[in-house]
Every structure is written in C-alpha cells, then in structure tokens.
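A.B. asks: Pasting a structure below so you can have a look.
Each value in this text was obtained by applying a stated rule to the coordinates, not by laboratory testing. The structure displayed is predicted, hence computed values, not measured ones. Cβ coordinates were reconstructed from backbone atoms using ideal geometry, including for glycine residues, and neighbour counts include every protein chain displayed.
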Ligand code: DC
C-alpha cells in the first residue's frame, strides 16, 4: 500500500508521516530530503545553482539513501556522506526551491522515488507532488496544510531549538516565498490532488491528525 502525504513547508506533514509509518511498520520516504541533499551537494561543490544542466547531471549521478526509521529517526546520505543535519541548514532551505524547480532534477528524483516501490510494497511517501505526479495511483492521498502564521511559528520554534538566530517575521516571509515558488513552478507544483483528503492541522494535535489518517487507511483496507 502506498500512502502519499503532500503539503506545504512546516504544515506538520513530516511529523505526521513518520508517525504513521512507524505505527504501520511501513517504509518512510522523505522526498524533500532528496531535493535538499542535491541542493546541499550543489552548494558544497560551489555549482552555480542557476546552471540547470549541471544540477541535472548532479541529481542523476548522485546516490541518495534514506535509512529505515529507528523510532522516528532516520538518516539521509548522498554518495555515502551523512547529510541528515546539514540539509536542514537555512542555506540549504534558501536554495532548495531554486534547485527543485528544475524539470530535469525533478525527473531524476521522481525516477528514484518510483524505484523505491520495487523494494517496498508498503510505503509512506511525503512531499509536494506525490499524489499528483510520483504516485498518482497511491492507495491513500492526504494533503496536509496549516495557516502560514502557524507554520511560521512551528518552523521558528524548530530553528530556535537548534540554535539558529532568526526572527519570526523572517521565517514567515521565507515560508510564504517558498510556498509561492513551489506552487507556481510548471513541473510538479505543490497542489492538492482532486482525490486527496484535505487535513488542516492549524488547531489539531499531531495525535489527532495521525489517528485521522490511520482511520482513513483502515477504512480503505476494509473497502478494498
Ligand atoms: O519538505 P521540505 O521542506 O524538506 O522540502 C524541501 C523543498 O523541496 C521544498 O521547498 C520543495 C521541494 N520539494 C519538491 O519540490 N518536491 C517534493 N516532492 C518534495 C520537496
């Protein structure tokens, strides 16, 4: 069974997706981490991130691996290098939308994402275009959202906890900018699939959202 979870930045979808995967014992694939890993490598190699050909070659030629969940932790490696923490830096966050809007980069990563289904029949796959492009035949599609202010507050708290010096209005502005780039790109834009279940997490706890999704999955299993 493939469960597609899409939604904008800081909507709570990662926390929810990991928890759902853990409860079901399914493989968890964070596709945002894959775009971040390519971005991290491009920055490390000092590529000009407006050079699309170079980015596509890099995305095609890189080996990205996402480990199995241990509780709700997982590691991301690119060509064997552990980048789990590095891909969350503000520098990578600022550049990732530019890299992920390149059609050839998306093609390369979508191929990798689809190939995971050959190994893992049961997966929770999280991203922006999973229900629309990567797995349009997913068994369950969820689109998770929350108000921009709530998402900014959540991301701000996360960054603060990690020791980043940043203010709330900058975080909110960055989130709105990223949403705009992600939703208006011509290939694989962030958008809800018509058959996706919409869940607004603004006034909900993680536990409530996870339970709502588990209930949807159970219903689906019963109705076949
Ligand atoms: O989920 P995230 O914030 O870690 O994703 C990082 C970026 O990657 C986000 O700005 C959009 C992009 N992304 C994408 O274009 N397609 C996906 N399936 C997942 C993420």
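A.B. asks: In square nanometres, what is the average projected area of the Cα convex hull of segment 1-155?
C.D. replies: Seen from a random direction, the Cα hull of segment 1-155 projects 8.7 nm² on average.
A.B. asks: In segment 132-183, how does Rg compare with the Kirkwood Rh, expressed as the Rg/Rh ratio over alpha carbon atoms?
C.D. replies: Taking Rh as the inverse mean 1/r over Cα pairs, Rg/Rh reads 1.12.
A.B. asks: Using only helices, what value at 222 nm comes out for the chain when you add -39,500 (n - 2.57) per DSSP H run of length 4 or more and divide by the total residues, to the nearest 500 deg cm²/dmol?
C.D. replies: Value at 222 nm, helices only, nearest 500: -16500 deg cm²/dmol.
A.B. asks: When 88, 128, 173 are ordered from fewest to most other Cβ atoms inside 10 Å of their Cβ, what list results?
C.D. replies: Ranking 88, 128, 173 by Cβ neighbours within 10 Å, fewest first, gives 173, 88, 128.
A.B. asks: Contour minus end-to-end for residue 85 and residue 197, with contour as 0.36 nm per residue of separation and end-to-end as the Cα-Cα distance?
C.D. replies: Gain in length upon complete extension: 37.2 nm.
A.B. asks: May I ask you to derive the FRET efficiency for residue 181 and residue 63 from their Cβ-Cβ distance with R0 = 35 Å, giving the value to the nearest 0.05?
C.D. replies: Result of the calculation: an efficiency of 0.85.
A.B. asks: Still on this structure, please answer the following. For a bin width of 10 Å, list the pair-distance distribution of segment 50-125 built from all Cα-Cα distances, rounded to whole %.
C.D. replies: Answer for segment 50-125: a P(r) of 16, 45, 35, 5 percent.
A.B. asks: Follow-up question, since we're still on this one. Taking springs between alpha-carbon atoms closer than 10 angstrom, which of 118, 129, 139 fluctuates most in the Gaussian network model of the chain?
C.D. replies: Maximum fluctuation in the GNM of the chain, among the listed residues, is at 118.
A.B. asks: Convex hull over the alpha-carbon atoms of segment 112-154: what's its volume per residue in Å³?
C.D. replies: 95 Å³
A.B. asks: Report the rotationally averaged projected area of segment 113-224 based on its alpha-carbon convex hull, in square nanometres.
C.D. replies: 8.7 nm²
A.B. asks: Name all residues of segment 84-107 having a backbone nitrogen under 19 Å from the label point set 7 Å from the Cα of residue 173 along its Cα→Cβ direction, giving them as ranges.
C.D. replies: Counting only backbone N, you get 90-98.
A.B. asks: In addition: Given the options 214, 144, 87, which has the most mean-square fluctuation in a GNM of the chain, springs set between C-alpha atoms less than 10 angstrom apart?
C.D. replies: Fluctuation is largest for 214.
A.B. asks: Can you tell which of 109, 43, 55 shows the greatest fluctuation in a Gaussian network model of the chain with Cα springs below 10 Å?
C.D. replies: With Cα springs under 10 Å in the chain, the top fluctuation among 109, 43, 55 is at 43.
A.B. asks: If R₀ is 22 angstrom, what is the calculated FRET efficiency for the pair residue 218 and residue 158, using the beta carbon separation as r and rounding to 0.05?
C.D. replies: 0.10
A.B. asks: If you don't mind, another one. Once fully extended, how much extra length lies between residue 166 and residue 23, figured as 0.36 nm per residue of separation less the alpha-carbon to alpha-carbon distance?
C.D. replies: Result for the pair: 48.1 nm of gain on full extension.
A.B. asks: According to the Kirkwood expression over distinct Cα-Cα pairs, how big is the hydrodynamic radius of segment 169-209, in Å?
C.D. replies: 12.5 Å
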